[in-house]
Amino acid sequence: MAGTGLVGRAWPELVPGRCPVLVVPDAARRPVAAGEGWARDAGVLERDPAPDWSATASPSCLTVRRPDGEAWFEGELAAGLEWWRALRAHEVLLLVTGPFTSVFDFRPAAAAGNLALLAVRARTTTNP
């Protein structure tokens, strides 16, 4: 259950169009600055990924780095093969975060317009 967002951990999703998404609860522990490309709308997928951000993945592990090189997210990810393949194919990862701690309070945060989104370039180090 830890990989499904039930205990405050990030979870993977695929949005229509097969773009991989990482949903990360509790933005307070991770800086979210508008000047770094964060937005409140899904239009971030229609623009170029945020400059200087990066995501590096190998099945089960993912690291997302801020422009200063600091890890914004780092850890294991319970994602299926389809998600890893989508990440490899798209080479872009959509980050979604905000004031929620589980899948149960994600929808109210989204309905209130409290989510922050950022598209980052992603690369995989192995072929799933």
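Within a Cβ distance under 14 Å of Ala78, other residues only, what is the Lys/Arg minus Asp/Glu net charge? Spelling it out: positives minus negatives among the neighbours equals -2.
Taken per residue, the accessible surface of the chain reaches 53 Å², heavy atoms only and a 1.4 Å probe. Rolling a 1.4 angstrom probe over segment 2-128 with all protein chains present gives an accessible area of which 51% lies on carbon and sulfur atoms.
From the square roots a ≥ b ≥ c of the eigenvalues of the alpha-carbon gyration tensor of the chain, which class results: rounded (a/c under 1.5), prolate (a/b over b/c), or oblate? The shape class here is rounded. Other residues within the sphere of radius under 11 Å centred on the Cβ of Pro25, judged by their own Cβ, net out at +1 (K and R +1, D and E -1).
How much net charge surrounds Arg66 when only other residues with a Cβ under 10 Å from its Cβ are counted (Lys, Arg +1; Asp, Glu -1)? Summing Lys and Arg as +1 and Asp and Glu as -1 gives -2. Between Glu82 and Arg29, the modelled label-to-label distance comes to 2.8 nm, taking each label 7 Å out from Cα in the direction of the beta carbon.
The values are calculated or read from the model by the stated rules, or taken from the named source; none is laboratory data. Given the structure is predicted, the values throughout are model-derived calculations rather than measurements. Heads up, the Cβs are rebuilt from the backbone with ideal geometry, glycines too, and the neighbour counts pull from every protein chain shown. All accessible areas refer to the heavy atoms of the entire protein, side chains included, with ligands and DNA or RNA removed. Shrake-Rupley method; radii C 1.70, N 1.55, O 1.52, S 1.80 Å.
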